[in-house]
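To keep things clear, I will list the structure first and then write my remarks on it.
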Amino acid sequence: MLVSLAAWLQTLGPEYGYLRVVQYLTFRAVMAAMTALLIGILFGPGSSGAWPN
C-alpha cells in the first residue's frame, strides 16, 4: 500500500523523488525490522511500556 502511495506521489512531481526509496525491498525490510524491534521493546515481557504488568 505504501508502494502504491509512493508511486502516485512520484507522478505529481519531482519534489517527491525521495519516495523512490520505498520501492526498494531492502529499505522495506529494514523498516519492518525496526518497527518490530520498537514494538518488542515497548510491549515486550519485563518492560514498563504502555501495558502495566
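The values are calculated or read from the model by the stated rules, or taken from the named source; none is laboratory data. Because the structure is predicted, anything quoted here is derived from the model rather than measured. Reconstructed Cβ throughout: ideal geometry from the backbone, glycine too, with neighbour counts over all protein chains shown.
Annotations
- Residue list for the range 11-26, restricted to those being part of a helix (DSSP H, G or I), more than 15 Å from Met1 (Cα to Cα) and not polar (S, T, N, Q): Leu12, Pro14, Glu15, Tyr16, Gly17, Tyr18
- Scanning the chain for residues that are among the hydroxyl-bearing types (Ser, Thr, Tyr) and under 19 Å from the mean Cα position of the chain (by Cα), we see that the one that is modelled with the lowest pLDDT is Tyr16.
- Members of the range 1-30 that are among the β-branched types (Val, Ile, Thr) and surrounded by 11 or more Cβ atoms within 10 Å (Cβ to Cβ): Val3, Val21, Val22, Val30
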